[in-house]
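Trainee: Sharing a structure, written as structure tokens. Questions coming.
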Amino acid sequence: MAKSTSNTGKPWTPAEVKQLKQEAAGNTPTRVMGLKHKRTEAAIRAKAQVEGISLKPTNRSPYGTKK
């Protein structure tokens, strides 16, 4: 079971969702996002999925393209 945080069970504010989108666009790791929002990694991933936010890194080349 995940650890409880100070925001466990609290609804997300529009400002938090906006910050989550900015962090995802900047390739911030989910663990760091969780610490900033005082939420678990699972909560970050779940909210990103609900909001349609991709947490995949955007600045990494696909496998096998490195020479």
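What follows is calculated from the coordinates using simple rules that are stated; it is not laboratory data. These numbers come from a predicted model, not from an experiment. Positions of Cβ are generated from backbone atoms using ideal geometry, with glycine treated the same way; all protein chains shown enter the neighbour counts.
Trainee: Sticking with the crude label model, points 7 Å out along Cα→Cβ, report the distance from N7 to T28 in nm, one decimal please.
Mentor: Label-label distance for N7 and T28, simple model: 0.9 nm.
Trainee: Now for a different question. Under 14 Å from the Cβ of V32, count the other residues' Cβ atoms, weight Lys and Arg +1, Asp and Glu -1, and hand me the total.
Mentor: +3
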